[in-house]
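Reviewing the structure listed below.
The values are calculated or read from the model by the stated rules, or taken from the named source; none is laboratory data. Please read all numbers here as calculations on a predicted model, not as lab measurements. Cβ: placed from backbone, ideal geometry, glycine included. Neighbour counts: every protein chain shown. These accessible areas exclude ligands, DNA and RNA; they are computed on the full protein's heavy atoms, side chains included. Shrake-Rupley method; radii C 1.70, N 1.55, O 1.52, S 1.80 Å.
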There are 2 protein chains.
Amino acid sequence: MLEEKSIKEFLEETASSSPVPGGGSIAALSAATALALVEMVANLTIGKKGYEEVQEEMKKIASRAEEGRKEFINDIDRDADAFDKVMAAFKLPKNTDEEKSSRKQAIQESFKNAALVPLEVAKKALNFMEMISTIVEKGNQNAVTDGAVAAMMARTAVLSALYNVKINLGSIKDEEFVNKLSKEVDEIESKVKELEKSILSKVNL
Amino acid sequence: MLEEKSIKEFLEETASSSPVPGGGSIAALSAATALALVEMVANLTIGKKGYEEVQEEMKKIASRAEEGRKEFINDIDRDADAFDKVMAAFKLPKNTDEEKSSRKQAIQESFKNAALVPLEVAKKALNFMEMISTIVEKGNQNAVTDGAVAAMMARTAVLSALYNVKINLGSIKDEEFVNKLSKEVDEIESKVKELEKSILSKVNL
């Protein structure tokens, strides 16, 4: 489990010539980091004078951010596993026609999975942008920059995951699948850019 | 040392109601992550057919990225320490006029330090953008999305560090210092945004 590694070790493994963990896992880590900051700002707002009206909202945010953080931490491994499955499919035997055909199918399935995993990460991270907006507007204003950093980390998580969807789409032959996902990628990309801009415009320093 | 903590523990500490590690440490982590990806792409290019002409360049990049990663990993703690020093200065005694005056001075010094540490992180990360551009253009094209993710992580590192400079400037009374740093912040901010855009425009998927 990559989550059990120290920061130092995890980054050493990333830096090595092994392709995993790579950009897809980093996208998930970035999303987990964004939610850790959201949870921190919520925790710094709970019980604080001047924030009486948002106590219930902050408690809900802290709890949803915690859940989300844990999911994204799992996704660090899920993305690495999806890549490993592609590699494994390429190593299947190809001596007979039957083997060749089932290998081809396994490769295509593994690429679809390797596109779907980061797409899910991107969608989930996009859905948290609203919560980040709330934390920036209504959370402890002494920690407003932490909310801003969360917005940027979540934006980068979404866009990074989408790059990993796109590179895998390049190897997929099912046109309908590729078209459907390409459209989703474009929509999420423009949405997240707008949302980041809108959140950061609320941070006055 | 935060770098020795597991990813899971580090994010749990971030999420807690303790203000450190916060956005400043996350900025340094984000920069370290960007360089880990740069090093990986360089390592995936070294010894690869079709990349004969860039071998020496890739070896240099791998080595510079490794150094940079280690520095940024140290900065995760440096930023947290800078914040702790501000907190410590506020706790100094203020019974006599002399104590009040030296406490005030210590607080001002600690805020200056807490602005300078992330400014240095921002500058260093900005300086790595050129290397990231090279890796995207000349590195192993199978890993081009990892270079794109590195560009976005570095951009987010720079902007996140700058937010942390700005929030600390708000507490500093030395106008000359504030004006000088504000100007630097604005310059770095617009530079890094342009550089990210320019790098990502070279990624064709």
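From the Kirkwood radius over Cα pairs of chain A, Stokes-Einstein at 25 °C and 0.890 mPa s returns a whole-number translational diffusion coefficient of 135 µm²/s. Return the carbon/sulfur percentage of the accessible area of the range A:104-205, one whole number, probe 1.4 Å, all protein chains in place. Exposed carbon and sulfur together represent 47 percent of the surface. Take chain A and mark each of the trypsin sites (Lys or Arg not before Pro) that is in a DSSP loop with at most 12 other Cβ atoms within 10 Å; the longest unmarked stretch, sites excluded, is A:92-172. Only Cα pairs within less than 10 Å get springs; with that Gaussian network setup on chain B, which residue of B:G170, B:G139, B:G68 has the largest fluctuation? Largest GNM mean-square fluctuation: B:G170.
With all protein chains kept in place, the per residue accessible area of the protein assembly as shown amounts to 46 square angstrom at a probe of 1.4 angstrom. In this structure, B:S102 and A:K94 have a Cβ-Cβ separation that, at R0 = 45 Å, corresponds to a calculated FRET efficiency of about 0.05. Simple point charges give the picture: +1 on the Cβ of Lys and Arg, -1 on the Cβ of Asp and Glu, and for the protein assembly as shown a dipole about the Cα centre of about 440 debye. For the pair the range A:36-86 / the range A:1-18, the C-alpha centres are spaced 22 Å from each other. Remark on the range B:136-160: accessible area falls by at least 40 square angstrom from chain-alone to full-complex state for B:T145, B:V149, B:M152, B:M153, B:R155, B:T156, probe 1.4 angstrom.
Heavy-atom accessible surface of A:F90, to the nearest 10 Å², is about 90 Å², with a 1.4 Å probe and all protein chains retained.
I'd like the FRET efficiency for B:S182 and A:S171, computed as 1/(1 + (r/R0)^6) with the beta carbon distance as r and R0 of 51 Å, rounded to 0.05. Walk me through the numbers before you get to the answer.
On the way: r = 48 Å, r/R0 = 0.93.
Computed FRET efficiency for B:S182 and A:S171 comes out at 0.60.
Once the gyration tensor of the Cα atoms in the protein assembly as shown is diagonalised, the equivalent ellipsoid follows with semi-axes of 39, 23, 18 Å, ordered largest first.
For the interface of chains B and A, what total accessible area is buried with a 1.4 Å probe, rounded to the nearest 100 Å²? Show your work: numbers first, answer last.
Working: alone 11540 and 11560 Å², together 18820 Å².
In total, chains B and A hide about 4300 Å² from solvent.
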